[in-house]
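What follows is calculated from the coordinates using simple rules that are stated; it is not laboratory data. Not measured: the values here are computed from a predicted model. Reconstructed Cβ throughout: ideal geometry from the backbone, glycine too, with neighbour counts over all protein chains shown.
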Amino acid sequence: MASLNNNGKSFKTILIYHLLFLSILVLFFYIYSLLDITCMLRYLTGIPCPTCGATRAMFSLFSFDFINYWYFNPLAFPLVLAFLAVFHINLYPKRSKLVYIYVGIILILTIFLYIYRLTNGLIP
C-alpha cells in the first residue's frame, strides 16, 4: 500500500501531510475557542465573511443539531466538500472539470446566500 502514488509521493507521505493539516486545524479551533473568536475577519473588521457561521454549523452538524446547522450556515458541508475536492483534484484527473463545476456552483450559491443573509440581518 506504500506504493500508492500521487505525483511521486508515497501513501505514507500523503498520510503524514493530512495528519499534519488535521493537527493544525484542531490547534486552530482550540485557540479560537480559548479566545472566544467566532470569525477572524469579523473580529478584525466588524464585517461578516461570506462563509460566516460555517464553523459553528459544522460543529452543530457533528452534534446532530440540524436546526442550528441550518441556522448558522446551510452551505457549510458543501463548502467543506468543495475545499476537499480542490485539494485532492490530482487523485481523479479525469473528473477535474466536474470538480471545478461543483466548486463554482457552491461559490455562487455561497455569495447569493451571503447577500440574502446580509440584507435580511440573518447572519448570527
Percent relative contact order for the chain, counting Cα pairs under 8 Å at least six residues apart, stands at 19 percent
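Assuming R0 = 30 Å, can you tell me the calculated FRET efficiency for the pair residue 17 and residue 43, based on Cβ-Cβ distance, to the nearest 0.05?
Numbers: r = 29 Å, r/R0 = 0.97.
E between residue 17 and residue 43, to the nearest 0.05, is 0.55.
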In a GNM of the chain with a 10 Å cut-off on Cα contacts, which of 106, 14, 37 has the highest mean-square fluctuation?
14
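Quick one: 80, 99, 26, fewest Cβ neighbours within 10 Å first, how do they rank? Each step should come with its number before you reach the end.
On the way: 80 15, 99 18, 26 10.
Ordered by Cβ neighbours within 10 Å, fewest first: 26, 80, 99.
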Could you state the number of Å between the C-alpha centres of the range 69-124 and the range 23-48?
20 Å
List the chymotrypsin sites (Phe, Trp or Tyr not before Pro) within the range 1-103 that DSSP assigns to loop and that have no more than 14 neighbouring Cβ atoms inside 10 Å.
64
Options [x] 7.6; [y] 9.5; [z] 8.6 for mean projected area of the Cα convex hull in nm²; the value derived from the coordinates is listed as [y]
Which whole DSSP H helices in the chain pass both tests: a Cα extent of 24 Å or more along the axis and a mean Kyte-Doolittle value no lower than 0.5?
11-35, 96-119
